1. Expressed in nm to one decimal, what extension gain is obtained for the pair Glu28 and Ala63 from 0.36 nm per residue of sequence separation less their Cα-Cα distance?
2. With an 8 Å cut-off on Cα pairs and a minimum separation of 6 or more residues, tell me the relative contact order of the range 110-235 in percent.
3. Please state the charge dipole magnitude for the range 338-409, taken about the Cα centre, from unit charges on C-beta atoms (+1 on K and R, -1 on D and E), reported in debye and rounded to the nearest 20.
4. Along the charge dipole of the chain, Cβ charges K/R +1 and D/E -1, which of Tyr299, Asn318, Leu153 sits furthest on the positive end?
5. I want the local charge near Ala327. Using Cβ-Cβ distances under 11 Å, sum +1 for each Lys or Arg and -1 for each Asp or Glu among the other residues.
6. Given Cα pairs under 8 Å that are at least 6 residues apart, what percent is the relative contact order of the range 230-369?
7. Rounding to the nearest 20 debye, state how big the charge dipole of the chain is about its Cα centre with +1 on each Lys and Arg Cβ and -1 on each Asp and Glu Cβ.
8. On a full-extension model of 0.36 nm per residue, what is the gain between Ser429 and Lys259, subtracting their alpha-carbon distance, rounded to one decimal in nm?
Amino acid sequence: MSLKSFLGEQFAKYIVFQTRRWSVVPIETQNKVFRHLILEAKHTVFGRDHHFESIKNYEDFKARVPIRDYEGLKYYINRIKEGGEDVLWKGKPLFFAKTSGTTSGAKHIPLTKASLDCQIKAARNALLHYVASSGNKDFIDGKMIFLQGSPVLNKASKVASGRLSGIVSNYVPSYLQSNRLPSYTTNCIEDWDKKVDAIIEETISEDMRLISGIPSWVQMYFERLQHRTGQTISDLFPKFSIFVFGGVNYAPYRKKFEKLIGKKIDSLELYPASEGFIAFQDKQNDKGLLLLLDYGIFYEFIPADEFYHETPTRISLNDVKLGVHYAIILNTNAGLWGYSLGDTILFTSLKPYRILISGRIKQFISAFGEHVIVNEVEEAMQEALTKYTDVEVREFTVGPQVNPKEGLPYHEWFVEFGSAPRDMNLFSSAIDEALRKRNGYYKDLIDGKVLRKLQITSLKKGAFHLFMKSQGKLGGQNKIARLSNNRTIANQLTFDEPSS
């Protein structure tokens, strides 16, 4: 055991102890964060506009601060862009994290020193919790790769901007610098295809032990490595032992990954966002993610089925229940207030508070009143794949077909197969049955002959890659939308003759 891995193991024990201190008193912890946020922002422009000086409790806060999305905060963001100080948070943010918005174009999320410190601490502590939970500390002595955005910042405005992953890469602790790949020069390559090729050159002969990134883009990296060498990833990197991911459900990719790697390895799920680092998997034997209650965020929740009501139920952590899909609302030390992140979550545990990401508020299908959500289609696909073990799915998305040329309307599943089913009809029926079990509204529409069972359109290899490239969203933290309530994505995908 090296000194670095020994110290890592000891530090992991300390961090787990520190986590337990706040996780056993969750409501008190959140109340403390709430009071701190209100006090710190009391004299900001936003604080004055919303009378923070008179806020004594959460009920006062709800009465003064409405729920907003990015558009609702854009007035304040623009004031910061123009050079304003003490607008949403004290002083000026260090950076803007630039993200792709579906309705707002590019979004610029403020990152303050306080919020960036929490982002970095959360990422570090996630790995330390993994060490404590798994006993695996050997990866600390090997090379680690983080497939991420460019660290180059745009300094044209008064506050520099860039991708969150690129910004954070400039703050990698010194004790990990010698372990980190790719190089700064390679990380700066904007073209994702060229970047992956350069990463392969830098890593192919290295002792890779930890690999992190969005599963679809890591899969591309693995496939190109295998195509070049003819070897599995575990042949190339015998000590590769942990895959770190976030932002999407890993389950649909797991079988393909295990085939590419050549063995099963540990995975670690994170829930980072430009708006704040929300949760991470703290136990290897529990897929729920520990909600980070002491990292500069005060959380609120709205039942997902009430989100678009005129007066939806709005609650704090104190009133959440197991198994309910909630839209998650953030109040942060970057100055986001009543901010709708757009994600939905559900609680799997209340002692401690653990969550699963269940989808996106705007990613659903309810063209016929069924309100199918992301985790339902992902679980249905996974159930079918468990039954048909010879089938391999690379990527998929789902949209409604409201006006078919003939017959009843249906849900159309656009699937890029690595290995297609022998009988597409049986496979689509398995997905359909699994979805009916998970969504009673969908079942009723099928039984009532309003809809017919879903249809699969088989896409040619590389279709999603080409689609994302056409949208300027290839690589990094970009993800394909799993669900759409319209035909926008469906109409842009290039596909072969449908198989159904």
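1. Here the segment from Glu28 to Ala63 would lengthen by 10.4 nm.
2. 27 percent.
3. With Lys and Arg at +1 and Asp and Glu at -1, about 320 debye.
4. Leu153
5. Summing Lys/Arg as +1 and Asp/Glu as -1 gives -2.
6. So the answer I get is 16 percent.
7. Using Cβ point charges on Lys, Arg, Asp and Glu, the chain gives about 760 debye.
8. Here the answer is 58.6 nm.
Where a number appears in this text, it was derived from the coordinates with a stated rule and is not lab data. Just so we're clear, the structure is a prediction, and the values are computed from it rather than from any experiment. Don't worry about glycine lacking a Cβ; one is built from the backbone with ideal geometry, like all the others, and counts go over all protein chains shown.
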